[in-house]
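Report on one structure; see the data block that follows.
We did not get these values from a lab; they are worked out from the coordinates using the rules stated. The model shown is predicted, which means the values in this text are computed figures rather than measured ones. Reconstructed Cβ throughout: ideal geometry from the backbone, glycine too, with neighbour counts over all protein chains shown.
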Amino acid sequence: MHVGGIRTALFAYLVARQASGEFILRFEDTDKKREVAGSAEHLIASLRAIGIEYDEGPDIGGPYAPYIQSQRLERYREAAQALIDQGRAYADPYTPEQVQEFREAAQAAKKPFLYRNNRPQNPPAWDGTTPLRFKSDPKPYTWHDAVMGDISTGPEVIDDFILIKSDGYPTYNFAHIIDDRDMRITHIMRGQEFVSSMPNYLNLYEALGYDMQHTPSDAPQTEGQALLPVFAHLPHIMNEQGNKKLGKRDGAKDVLDYIRGGYLGEAMMSFIATMGWNDGTEQEVFTRGELVEKFSLTKVQRSGARFDEKRLLWVNGQFIRQLSLDDLYTRVEAFWPETAQNASEEYKRQVLALAQERLKTLADLPALTSYFFAEPGEDRSLITDNKQLKKLEPSEIDQLVAAARGKLAGVEQWDAEHIQTALNELLEQTGQKPGIIFSLIRIYTTWAPFSPELPATLALLGKDTTLARLSAPV
RNA sequence: GGCCCCAUCUUCUAACGGUUAGGAAAUCGGGUUCUCAUCCCGGCAAUAGGAGUUCGAUUCUCCUUGGGGUCACCA
């Protein structure tokens, strides 16, 4: 489940929460040929990881169970039969090859394909082994979309689409409408690609006896007649090149990949919500509570947004820094370097406190902290590439390191404050700049390209380790 | 090709018809006793083009161009 799909779910979730409504999860598993084992569990895990909770669903049940379309076939058959009885559905007598011929003929004539141009005069009774088609009533429609605004189309886009496939399963086009009615769905949010199907859906809603003038938001639910749900079609999230909608094939990572890669669920939620939505102020990151409070479909962008991973990285850093140390500690559990295995919890918490403002993702932890848990490997290039240190003779370096060791050995109370004092005295005694002496100590004790502030680092490393690393043979 | 939707910095975006067109990311400078990060300050950078309406258009209308979607026994 990539960010595009998650965003659709997120917006629906936010609208539901804001209205104190229910957000329900329904599996639309009517394409048995393309079903992927494990995808249901994966999808649920993705929703949970981002922090989207549903109130009714396949695994938790609810008043309109089952929430799995393959278990509701009887409902679709009943609804289909009602349509047949009304004369609004009929058996498709053609073979797939014949339909394909119609399609190619339309293409050759440079016209859009419409099945109804070949609608059979006297279709056979439907026996369930052929597709069942909707007998459309082509007409123009104008409707309101909560995101796109008012949209109009002509009769030429309405066709006799398939209600039930020859394998007995309904199409999405049919099943979702029946389920939505059964489950009293008030809001439909989905990708923009469904806009072009809307006229067909509207035609079916009308055949089903819907009140075409009102929606649940402007009219009370009436017993006899179903009301049209609110429609909100969301613009696509584009790939980073911006030339097509984001999909797995363009390397769109699964949201769980981001979680595994050290991204916070709430950072993902904030980032995803602000792709195509903002509250009109200059606020850049939002907590879930703020999103529920401030989200509005009317402020959703109508144009597609590109997926900008750099911005996600920044948002993630923002959230990491806002976490309490306790909270952060529980979240980084799986990200410690292996060498931290035997370290005490207290020690790890202190290391984490120093690393917190440097973490862009939780996965950065090992690179930032390894020298706190194991002897670092010497990397002389840190000295030879340093524009101040490379001017020094090796003997000068040895003298300065020895002086530092001697000074630090005399520190009685080993904490950041006393180390700082000793370091300042060392500066005076050697007459060297911080850029020389501090760099040297930092490099000898960590052998890392960067590390937290020196006094805190040494304090945490401990006196013995600090002195030992400063006396290592060069 | 028909139909539908869209169009502000590189990117995400703000702007009741009246603003030096704002913020954020990225990037480039500077500051915070060493590095990295944080934080702060500053720089760079946009209304696709053309008509029209209006005293005045990023904003309203039309055309052009560009982009996306769709035209499945997929959703």
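With angles folded into 0 to 90 degrees, how steeply does helix A:198-207 sit against the dominant principal axis of chain A? Use alpha carbons for both and round to 10. That works out to roughly 40 degrees. Only Cα sites of chain A enter the Debye sum here, all with the same form factor; the resulting log10 I(q)/I(0) across q = 0.09 1/Å is -0.75, listed in q order. Taking the DSSP bridge list for chain A and keeping only pairs wholly inside it, about 60 percent are antiparallel. When each of the peptides A:182-195, A:409-422, A:97-110 is scored by the mean number of other C-beta atoms lying within 10 Å of its residues, the order from highest to lowest reads A:182-195, A:409-422, A:97-110. Under 5 Å between amide hydrogens, built in the peptide plane, is the criterion, and for A:D29 it picks out A:Q69, A:S70 among residues at least 5 positions away or on other chains.
Summary value for the range A:328-372: 51 percent relative contact order, contacts being C-alpha pairs under 8 angstrom separated by 6+ residues. With each label modelled as a point 7 angstrom along the Cα→C-beta vector, the A:K463-A:K299 pair spans 5.7 nm.
Rounded, prolate or oblate for the range A:259-382? Axes are the square roots of the Cα gyration tensor eigenvalues, ordered a ≥ b ≥ c, and the cut-off for rounded is a/c under 1.5. Taking the square roots of the gyration eigenvalues as a ≥ b ≥ c, the range A:259-382 is prolate.
Using the Cβ of A:R116 as centre and a radius below 14 Å, the other residues enclosed give a net charge of +2, where K and R count +1 and D and E count -1. Residues whose amide H comes within less than 5 Å of that of A:W277, counting only those at least five positions distant or on another chain, are A:Q301 (H built at 1.01 Å from N in the peptide plane). Would you mind checking the tilt of helix A:96-108 against the longest principal axis of the Cα atoms of chain A, expressed as 0 to 90 degrees and rounded to 10? The helix A:96-108 is inclined about 80 degrees to chain A. Shape summary: the range A:72-234 maps onto an equivalent ellipsoid whose semi-axes, from the alpha-carbon gyration tensor, are 27, 20, 13 Å in decreasing order. Report summary: the helix-based calculation at 222 nm, which adds -39500 (n - 2.57) for every DSSP H run with n ≥ 4 and divides by the residues of chain A, gives -12500 deg cm²/dmol. Across chain A, the mean sequence separation of Cα contacts (distance under 8 Å, 6 or more residues apart), normalised by length, yields a relative contact order of 13 percent.
Once the Cβ-Cβ distance of A:T142 and A:K244 is raised to the sixth power relative to R0 = 35 Å, the FRET efficiency obtained is 0.75. Computed from phi, the 3J(HN,Hα) profile of the range A:419-431 under the Karplus parametrisation 6.51, -1.76, 1.60 (θ = phi - 60°) reads 5, 4, 4, 4, 4, 5, 5, 4, 4, 5, 5, 8, x Hz, with x in place of Gly and Pro. Annotation: average projected area of the range A:328-372 is 2.7 square nanometres, based on the convex hull of Cα atoms across all directions.
Shown here for the range A:391-474: trypsin sites (Lys or Arg not before Pro) in loop regions (DSSP other than H, G, I, E, B) with at most 14 other Cβ atoms within 10 Å, of which there are none. The alpha carbon convex hull volume per residue for the range A:381-470 rounds to 85 Å³. For the range A:376-381, the Karplus equation 6.51 cos²θ - 1.76 cosθ + 1.60, evaluated at θ = phi - 60°, returns couplings of x, x, 5, 9, 4, 5 Hz by residue, with Gly and Pro reported as x.
Tell me, in nm to one decimal, what length is gained between A:Y172 and A:R34 on full extension, where the rule is 0.36 nm per residue of separation less the Cα-Cα distance? 48.3 nm is the gain from fully extending A:Y172 to A:R34.
Only Cα pairs under 8 Å and 6+ residues apart enter the sum, and on that basis the relative contact order of the range A:1-150 stands at 19 percent.
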